[in-house]
Amino acid sequence: MQRQGYPRSVRLTRPAEYARVFAGARRVADCYFTVLVIRNDHDRARLGVTVSKKTAPLAVVRNRIKRRIREAFRLHQVGAW
């Protein structure tokens, strides 16, 4: 079975990248999620996930939420990495 990874090229990895998104993004929210969207200079969408301690006080729960969001994002990408 081939490993299905989540490469660094499609992740936000640096604090400056997150700061740019939080500062200049368009926000869409419902009772469960807030999604921040901003254009980038790459040929594909990139994803950064944050889960607040208020939402999920336990780290294990926050990490599980992030894993599920990343997997859904990975499965819905168009084309191969």
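The values are calculated or read from the model by the stated rules, or taken from the named source; none is laboratory data. Only a predicted model underlies this, so the values are computations on that prediction, with no experimental measurement involved. Neighbour counts are summed over all protein chains in view; Cβ atoms, including those assigned to glycine, are modelled from backbone coordinates with ideal geometry. Side chains are part of the model used for accessible areas, which takes the heavy atoms of the whole protein and leaves out ligands, DNA and RNA. Shrake-Rupley method; radii C 1.70, N 1.55, O 1.52, S 1.80 Å.
Couplings 3J(HN,Hα) of the range 26-32, computed from phi: 8, 10, 10, 9, 9, 6, 10 Hz, in residue order, whole Hz [Karplus 6.51 cos²θ - 1.76 cosθ + 1.60, θ = phi - 60°; x for Gly and Pro].
Remark: the chain carries a charge dipole of roughly 280 debye about the Cα centre, counting +1 on each Lys and Arg Cβ and -1 on each Asp and Glu Cβ. Computed over protein heavy atoms with a 1.4 Å probe, the carbon and sulfur contribution to the accessible area of the chain reaches 53%.
The alpha carbons of the chain occupy a box of 36, 33, 24 Å along the principal axes, longest dimension given first.
Amide H contacts for residue 47 (H built 1.01 Å from N in the peptide plane; partners 5 or more residues away or on another chain; cut-off under 5 Å): 11, 12. Accessible area per residue (1.4 Å probe, heavy atoms of protein chains only) ranks 17, 71 as 71, 17, with the largest value leading.
For the range 8-76, the relative contact order is 27 percent, taking Cα pairs closer than 8 Å that sit 6 or more residues apart in sequence and dividing their mean separation by the residue count. Accessible surface for the range 8-76, divided over its residues, is 82 Å² per residue with a 1.4 Å probe.
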